[in-house]
Every structure is written in structure tokens, then in C-alpha cells.
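Chemist: Sharing a structure with you now.
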């Protein structure tokens with residue numbers, strides 16, 4: 001018995017428009033996260049816990065944009081080394097049209113009740129250098145000063161070759177007044193790099209007349225990576241309004257040659273904005289190289305693995321809160337900061353809810369960055385660090401909500417289907433460094449649990465704004481990580497960390513049979529009351545169908561990647577699971593109410609909208625580079641029978 005998909009899954013770690021506006025009974029989805037501050041919440045109420053079982057597919061759109069990976073020995077792969085495409089897009093609905101991007105950065109405008117193509121646009125990205133193909137979504141802006149003109153409604157696309165492009169929402173043609181012929185080169189001002197090292201994968205944020213964008217930079221590749229600068233551009237002209245390079249306070253952001261200082265932390269995930277307070281709220285990555293920090297000064301980590309609020313007009317820092325000090329575990333902040341108003345200890349405050357790879361949830365005051373639920377600085381392990389490394393003596397732990405993941409691992413946590421494989425897992429644990437979370441990574445090797453894929457990741461969370469309930473999906477699988485001295489790095493090229501004293505050997509922590517050595521469920525879906533911090537329910541997400549033979553295929557809680565969406569009517573929708581199911585749950589109880597198997601995994605965050613009284617639920621099903629299922633290009637919509 002051999003569960004080969006586990007090994008690959010864990011090692012790779014992500015017609016004409018309607019003429020009338022939405023009626024009062026209708027709801028849209030104008031932003032990637034449903035709102036400028038995320039949340040993946042909809043006020044749509046037609047589909048309810050009582051009738052969700054009647055949902056039926058009403059249309060499927062296929063772009064043709066997908067590629068099967070070339071990794072030998074795994075279903076859907078043919079043997080050359082480039083990962084399968086990942087279809088992670090969440091469409092937006094604006095002006096009666098559905099807009100989304102494909103893994104190859106093509107943009108489609110669809111009629112939302114039929115899925116018929118209105119227009120498509122191809123930015124002609126060279127996909128050859130792109131090791132991971134991904135586009136999470138597009139953004140939208142409307143010009144109140146030009147109500148009827150060309151490009152009054154703009155669709156903003158970020159590309160894998162690091163261009164920001166503005167398109168006319170009505171026609172799909174470029175907006176020639178934006179930058180040069182409708183595009184901006186985001187590589188301007190950053191260090192030289194190879195194609196594919198620096199790209200845009202998350203949708204830009206829009207605040208007033210500014211479009212704000214970060215960047216994705218390949219993890220653990222080398223020192224001297226391009227700056228993780230975040231920039232705000234004039235959405236009409238493409239002119240640079242401000243730039244924030246995350247250097248320590250008081251340090252210069254630009255080098256003598258005028259380029260942004262390199263090796264600064266980036267913002268690869270989704271940015272939130274608060275229009276009322278003119279804030280841009282960022283989830284930052286961790287400083288390069290990810291797994292060894294001896295070459296950094298403590299100041300260089302100042303904005304690493306943090307939530308940072310900027311003034312939307314100037315790009316100046318208003319406040320920041322660090323979730324991990326001197327992060328050498330790749331525990332960067334992976335998910336969009338979620339904005340919600342909460343009443344805590346009798347006081348109603350604007351909050352930022354930030355989930356993390358550690359399974360820790362920080363609830364912060366949106367105006368000051370101060371914790372609304374208590375956070376304690378607690379001592380963490382110091383023994384076992386490699387030569388040259390320094391560690392933070394403490395790390396921040398929120399008192400409420402409780403952790404959504406076990407914080408650390410010991411040999412007693414070894415798990416197996418039988419006494420034999422459990423013993424083998426225990427033997428592996430005893431040969432490695434184990435302990436509480438934040439145990440240093442060593443040359444002996446450590447089991448990272450939570451791991452660098454989570455806990456939580458980019459698709460979480462969803463927040464029911466009425467019930468103040470957060471729903472989030474969690475991974476519970478360990479990773480074995482070992483630092484290799486530079487002179488011994490030949491043959492260990494998964495994470496080369498060139499220019500550092502160490503490269504990194506990394507693999508999933510698996511039994512000889514290819515299953516995780518940690519206890520199931522390996523994936524959960526959890527609901528938390530954000531005001532009290534109490535856990536409401538916690539259930540396994542998905543099964544081992546398509547991953548393990550019968551009867552093990554019925555085990556609950558398989559590998560997953562994606563995120564949930566919630567509705568005012570009390571429903572949670574989520575794909576994510578590797579068993580290819582798209583599911584609906586009751587928000588208050590966690591009861592599974594409906595499921596349908598898809599052609600491949602739905603590793604995107606779903607969305608919903610209601611038009612002329614009919615509600616549609618939409619999700620992208622096209623696989624992910626962590627999925628054992630083949631890549632695809634299915635954008636699928638469901639509705640109740642007419």
C-alpha cells in the first residue's frame with residue numbers, strides 16, 4: 001500500500017451586459033474577498049439551509065487555459081518537472097458582468113446567468129519561465145468624473161511577468177491613458193532577476209483613485225532578491241503616487257543607483273483597504289532567505305511576518321503588528337486581513353482579524369493595531385539553532401481565540417494505520433528535533449508542526465458579519481526541514497538559499513506508506529465566535545477519496561487547499577478538499593448539508609451573487625499544484641430550479 005499523491009501534494013506547496021443596476025433584492029460581489037476588507041461574505045439569502053440540497057448546475061464555462069504538470073509518477077503528470085497549473089481565481093461581479101482571470105492571465109467577461117463569453121483579453125505572457133501558474137483574481141474601478149466614457153469602468157489585471165494592465169470593462173480593450181499603452185512595468189526600480197522570480201498573483205487593491213499592488217517573489221531562492229516594495233499608482237494615468245519598501249524605520253528605501261533596497265519582505269497575498277479611515281492593510285511575508293536568519297539584522301525583520309497599516313494617500317506606516325519575531329520557519333502572513341466591527345468587553349471597535357500559518361488568530365484594533373483580545377509574549381525554544389543564527393526569546397500568542405492547530409510535536413504524537421507504521425513514525429521523530437512551536441531548524445532536522453503550509457493559508461477566512469462567526473479551513477500535516485551547510489548542498493536543491501550559509505532539505509513528514517505520520521484529521525473546518533473568542537465547532541474537511549484505496553478512502557479530513565465563503569442565510573460553501581467535492585455547511589452547527597463531486601478539485605474561494613431574485617453560487621475547479629487531481633479549467637455555477 002503506497003499513498004504516492006500525499007508525497008507530491010505536500011512537497012510542492014497554491015453576451016451584452018444587463019442594462020439595469022442590481023435591484024434592492026439583489027447582491028453583487030465587487031471585490032475578490034466580497035468586500036474591500038475581505039470576509040468572503042454575501043448578503044444573499046435565496047439559498048438557505050432548508051433548500052440548499054436543491055441546488056443544480058446551471059452553467060459551466062471552460063477557458064481552455066490549463067496545463068498538466070510534468071512530475072512523473074503522479075496522476076495527470078508526464079515527467080519533466082514543471083508543476084500543473086493552479087486555478088485559484090475568484091470572479092468579481094460588476095455592472096452585470098462576471099470577470100475573472102485564468103492561470104495564464106487571460107481575462108474573461110461573462111454573462112452571469114448563462115456563463116456566455118462577452119469578451120476575453122490575452123496579455124500574452126510567456127509561460128515558459130513560470131514554474132507556478134496562478135492568478136487569484138482581477139480588480140475593478142469606476143470613474144465618477146467620467147460617467148459615460150471609454151474606460152470609465154476599468155478591470156485591473158496583474159500578470160505573472162509583473163505587469164499591471166488596465167482594461168475597459170465594456171470591451172476588454174486596453175485603457176491607453178494608463179501607463180504606457182495600458183500597462184505598467186512593475187519590475188521598474190527593483191533588482192535584476194530571472195524571469196519567473198518576480199510576479200503578480202493576487203488582485204490589486206483599489207482605494208479611491210489609487211490602485212495598490214505588492215508582489216510574489218520565489219521563496220528561499222537566493223539573497224539579493226528584488227525588493228518587496230508595495231506601490232500605489234494613479235488608476236487613471238498609471239503614475240506612481242507612493243511606494244513603501246519595508247526597510248527598518250529611518251533606513252533609506254532606495255540604493256545609490258535609485259533602485260529600491262533589495263531583500264526586503266514582500267506582500268504576496270491579498271491587500272485590504274478601509275475607505276472610511278483611508279488605510280491600506282497589508283499581510284507581509286518573511287524576510288529572505290526564509291529558513292536561516294543569521295545574515296539578517298534584527299532591524300531587517302522589523303516588518304517581516306506582520307500586519308501593516310499604511311496611509312492610503314502617502315504610503316506612510318500608521319501602525320504595524322508582528323505575528324512572528326525573526327521568522328525562520330516561513331510562517332509569513334498568508335491571508336487577507338479581514339475587516340469587521342466587533343463588540344469585545346462591551347466596547348464596539350473596528351477590528352482586523354488575521355489568521356496565520358500557525359493556526360493562531362490575532363484580533364487587532366483597526367485604528368491602532370493594538371490587540372482587542374489579549375496577546376502574550378511567551379518564551380520559546382532557544383536550544384539547537386545552527387551556528388550564526390539568532391532567535392527571538394519570545395513569540396506572541398493570542399489568549400483568545402484558542403489555537404486552531406496543535407502547537408508543536410513530540411515522539412508521542414506518532415501515528416500510523418498499524419503498530420508497524422506508527423513505530424516507524426516514532427522512530428523518525430526520535431531521530432529529529434521535536435518540541436513546541438518555534439523549535440529552531442537545525443542540521444539534524446526538525447518536524448515543523450504546524451508546517452509552512454498551515455494551519456491557515458491564503459484562502460481563509462470567511463466571516464459572517466451578522467453572527468460575528470469566523471469560518472476557516474486548517475491543515476494538520478507536518479514538514480521535515482533540515483539546514484544543510486553550504487559545502488554539502490549538492491543534491492539538495494529544493495530550496496537553495498544561494499548566498500546563505502545553508503540550503504534547505506524539505507519533505508513532508510510521512511510514514512513508509514506515504515501517509516502523514518501525524519494523527520488525522522489532516523484537514524479541518526472550524527468556526528469561532530470572534531467576539532467571545534470561543535470555538536463553536538470543528539469538523540474534518542473532506543475525505544481520502546482519490547488519495548487512498550478502499551476502505552481508507554472513507555477516512556475524513558484529507559489534504560486541502562482553498563477557502564470558504566459564507567452567506568447571510570447561514571451557509572458555508574467550500575471546495576478545497578482533494579476528494580473533489582464542493583460542499584455546503586450550516587454556519588451555526590457545522591452540519592454538512594449538500595455536496596457535489598466536481599471534475600477536479602476546487603482550490604479557489606467560491607463566490608455568490610443574486611440577480612433578478614435568483615442566486616448563483618460559483619467556484620473555479622481546476623486543481624492546484626498541491627492537489628493529487630489533474631489540472632482543469634472549469635468555472636461552474638449552481639442555482640435553485642426556476
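Read the figures in this text as sums done on the coordinates, not as results from a lab. All values derive from a computational prediction rather than experimental measurement. Cβ sites come from the backbone with ideal geometry, for glycine too, and all protein chains shown count toward neighbours.
Chemist: Using just the Cα positions, wrap the stretch 327-371 in a convex hull and report its mean projected area in square nanometres, one decimal place.
Modeler: 3.5
Chemist: What shape does the stretch 591-642 have by the C-alpha gyration tensor, where a ≥ b ≥ c are the square roots of the eigenvalues, rounded means a/c under 1.5, and otherwise prolate means a/b greater than b/c and oblate the rest?
Modeler: Prolate is the answer for the stretch 591-642, as a/c is 1.5 or above and a/b outweighs b/c.
Chemist: Also: At what distance in angstrom do the alpha carbon centres of the stretch 365-398 and the stretch 548-612 lie from each other?
Modeler: Centre-to-centre (Cα) distance: 34 Å.
Chemist: Compute the normalised compactness of the stretch 96-166: alpha-carbon radius of gyration over 2.2 N^0.38 Å, N being the residue count.
Modeler: 1.21
Chemist: So, in Å, what gap is there between the alpha-carbon centers of the stretch 513-546 and the stretch 223-246?
Modeler: The stretch 513-546 and the stretch 223-246 have Cα centres separated by 38 Å.
Chemist: Once you have the Cα-Cα distance between residue 487 and residue 430, take 0.36 nm times their residue separation minus that, and quote the gain in nm to one decimal.
Modeler: Fully extending the segment from residue 487 to residue 430 adds 17.9 nm.
Chemist: Roughly what would the spin-label model give for residue 444 and residue 253, points 7 Å off Cα along C-beta, in nm?
Modeler: With each label point 7 Å from Cα toward Cβ, the separation is 4.4 nm.
Chemist: May I pose another question? The stretch 435-480 to the stretch 28-72: how many Å between their Cα centroids?
Modeler: Result: 24 Å between the Cα centres.
Chemist: Oh, and also: Using the Kirkwood radius over Cα pairs, work out the Stokes-Einstein diffusion coefficient for the stretch 52-205 at 37 °C and 0.692 mPa s, in µm²/s as a whole number.
Modeler: In µm²/s, the coefficient is 195.
Chemist: Take the Cα pairs of the stretch 411-456, get the Kirkwood Rh, then feed it into Stokes-Einstein at 20 °C and 1.002 mPa s and tell me D in µm²/s.
Modeler: Here the translational diffusion coefficient equals 187 µm²/s.
Chemist: Still on this structure, I have one more. Beyond 25 Å, what share of the Cα-Cα pairs of the stretch 261-364 remains, rounded to the nearest whole percent?
Modeler: I get 21 percent for the Cα pairs in the stretch 261-364 exceeding 25 Å.
Chemist: Hey, could you grab the Kirkwood Rh for the stretch 137-256? Inverse mean 1/r over distinct alpha carbon pairs, Å, one decimal.
Modeler: This gives a value of 15.1 Å.
Chemist: Once you have all Cα-Cα distances for the stretch 143-190, histogram them in 10 Å bins from zero and send the whole-percent values.
Modeler: 29, 49, 18, 4
Chemist: Another question, if that's okay. By counting other Cβ atoms within 10 Å of each Cβ, how are 216, 62 ranked from fewest to most?
Modeler: Placing the least packed residue first, the sequence is 62, 216.
Chemist: Let me ask another. Once you sort the root eigenvalues of the Cα gyration tensor of the stretch 414-495 as a ≥ b ≥ c, which label holds: rounded (a/c under 1.5), prolate (a/b larger than b/c) or oblate (the other case)?
Modeler: Since a/c reaches 1.5 but b/c is at least a/b, the shape of the stretch 414-495 is classed as oblate.
Chemist: With equal scatterers on the alpha carbons only and no solvent term, can you work out the Debye log10 of I(q)/I(0) for the stretch 241-282 at 0.14, 0.16, 0.31 1/Å?
Modeler: Computed log10 I(q)/I(0) values: -0.43, -0.55, -1.13.
Chemist: Moving on. When the Cα atoms of the stretch 373-472 are enclosed in a convex hull and the volume is divided per residue, what value in Å³ results?
Modeler: Expressed per residue, the convex hull around the Cα atoms of the stretch 373-472 is 140 Å³.
Chemist: Go ahead and estimate [θ] at 222 nm for the chain from helices alone: -39,500 (n - 2.57) per DSSP H run with n ≥ 4, summed, over the residue count, rounded to 500.
Modeler: -1000 deg cm²/dmol
Chemist: So the label point goes 7 Å from the Cα of residue 595 along Cα→C-beta, right? Which residues of the stretch 513-537 then have their backbone N under 20 Å from it?
Modeler: Correct set: 516, 520-527, 537.
Chemist: On the Cα set of the stretch 207-304, report Rg and Dmax in Å, please.
Modeler: Taking only Cα atoms of the stretch 207-304, I get Rg and Dmax of 14.1, 44 Å.
Chemist: Below 8 Å, C-alpha to C-alpha, sequence gap of six or more: please give me the relative contact order for the stretch 517-618 in percent.
Modeler: Contact order relative to length: 20 percent.
Chemist: So if each residue of separation counts as 0.36 nm, and I subtract the Cα-Cα distance between residue 67 and residue 116, what length gain in nm does that give?
Modeler: 15.4 nm
Chemist: Let me ask something else about it. Residue 275 to residue 144: extension gain in nm, 0.36 nm per residue of separation minus the Cα-Cα distance?
Modeler: Going from the current span to full extension adds 45.6 nm.
Chemist: Run the quick spin-label model on residue 43 and residue 507: label points 7 Å from Cα toward the beta carbon, then report their separation in nm to one decimal.
Modeler: 5.4
Chemist: Out of every Cα-Cα pair in the stretch 481-590, what percent are more than 20 Å apart?
Modeler: 57
Chemist: Arrange 55, 530 by Cβ neighbour counts within 10 Å, fewest through most, would you?
Modeler: Result, fewest neighbours first: 55, 530.
Chemist: What order do you get for 175-187, 273-285, 613-625, 105-117 when each peptide is scored by the mean count of other beta carbon atoms within 10 Å, highest first?
Modeler: With the highest mean Cβ count within 10 Å placed first, the list reads 613-625, 273-285, 105-117, 175-187.
Chemist: Given contacts defined as C-alpha pairs under 8 Å and at least six residues apart, what's the relative contact order of the stretch 317-426, whole-number percent?
Modeler: Worked out over the stretch 317-426, it gives 20 percent.
Chemist: Which of the three applies to the chain, rounded, prolate or oblate, going by the alpha-carbon gyration tensor with a ≥ b ≥ c and a/c under 1.5 meaning rounded?
Modeler: rounded
Chemist: Roughly how compact is the stretch 419-555, stated as its Cα Rg over 2.2 N^0.38 Å to two decimals?
Modeler: That works out to 1.27 for the stretch 419-555.
Chemist: Remind me, relative contact order of the stretch 95-202 in percent, using alpha carbon pairs under 8 angstrom and six or more residues apart?
Modeler: In percent, rounded to a whole number, it is 22.
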